[in-house]
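Structure record follows, encoded as structure tokens.
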Amino acid sequence: MEKNQQIGSCGSVESNDCLMTVSASDKLELEISSIVDAFFHDQIEKVILDTLKELNISKIKVVCLDKGALDYTIRARLITAIERMKNNA
């Protein structure tokens with residue numbers, strides 16, 4: 001890992017949670033892996049994109065490892081991971 005690379009993470013891989021990792025990027029990148037992907041991929045993606053839009057963030061890499069988290073958990077984990085990334089700058 002580069003010394004100046006900005007990274008933030010939040011959450012866990014416990015049931016009903018998600019591990020959200022974000023890093024600085026020159027474009028928007030989303031990687032979603034979920035135990036309920038076949039049913040909820042679009043909803044998970046929507047929560048992530050809506051949250052990024054509210055925060056006026058258009059260039060970031062988001063990796064979401066979901067274990068069945070509800071929308072508000074996904075949102076909270078993403079916001080916290082972004083704040084941690086900013087604090088690591």
> Just for the range 2-67, what percent of DSSP beta bridges are antiparallel, to the closest 5?
Replying inline: 60 percent
> Which order do Thr73, Thr80, Thr51 take when ranked by solvent-accessible area (1.4 Å probe, heavy atoms of all protein chains), largest first?
Replying inline: Thr80, Thr73, Thr51
> For Val22, Val63, what's the largest-to-smallest order of accessible area, 1.4 Å probe?
Replying inline: Val63, Val22
>> Whole-Hz ³J(HN,Hα) for each residue in the range 74-89, computed from phi via Karplus 6.51 cos²θ - 1.76 cosθ + 1.60 with θ = phi - 60°, x for glycine and proline: what do you get?
In response: 4, 4, 5, 5, 5, 4, 5, 4, 5, 4, 5, 4, 4, 6, 8, 5
>> Given Cβ point charges of +1 (Lys, Arg) and -1 (Asp, Glu) and nothing else, what value in debye, to the nearest 20, does the dipole of the chain about its Cα centre take?
In response: 360 debye
>> What figure, in Å² to the nearest 10, do you get for the accessible area of Ser25 with a 1.4 Å probe and non-protein molecules left out?
In response: 30 Å²
>> With every protein chain kept in place and ligands, DNA and RNA left out, what is the accessible area per residue of the chain? Probe 1.4 Å, answer in Å².
In response: 64 Å²
>> Using 0.36 nm times the number of residues separating Ile35 and Val13, minus their current alpha carbon distance, what extension gain do you get?
In response: 6.9 nm
>> Can you give me the % of accessible surface on the chain that is carbon or sulfur? Probe 1.4 Å, all protein chains present, nothing else counted.
In response: 49 percent
> Could you work out the helix-only [θ] at 222 nm for the chain, with each DSSP H run of four or more residues adding -39,500 (n - 2.57) and the total divided by the number of residues, to the nearest 500 deg cm²/dmol?
Replying inline: -13500 deg cm²/dmol
> Sequence-distant or interchain residues sharing an amide H contact under 5 Å with Ser34, placed H: which?
Replying inline: Asp66
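The values are calculated or read from the model by the stated rules, or taken from the named source; none is laboratory data. Please read all numbers here as calculations on a predicted model, not as lab measurements. Glycine gets a Cβ as well: all are built from the backbone with ideal geometry, and neighbour counts include every protein chain shown. Ligands, DNA and RNA are excluded from the accessible area calculation, which covers all protein heavy atoms including side chains. Shrake-Rupley method; radii C 1.70, N 1.55, O 1.52, S 1.80 Å.
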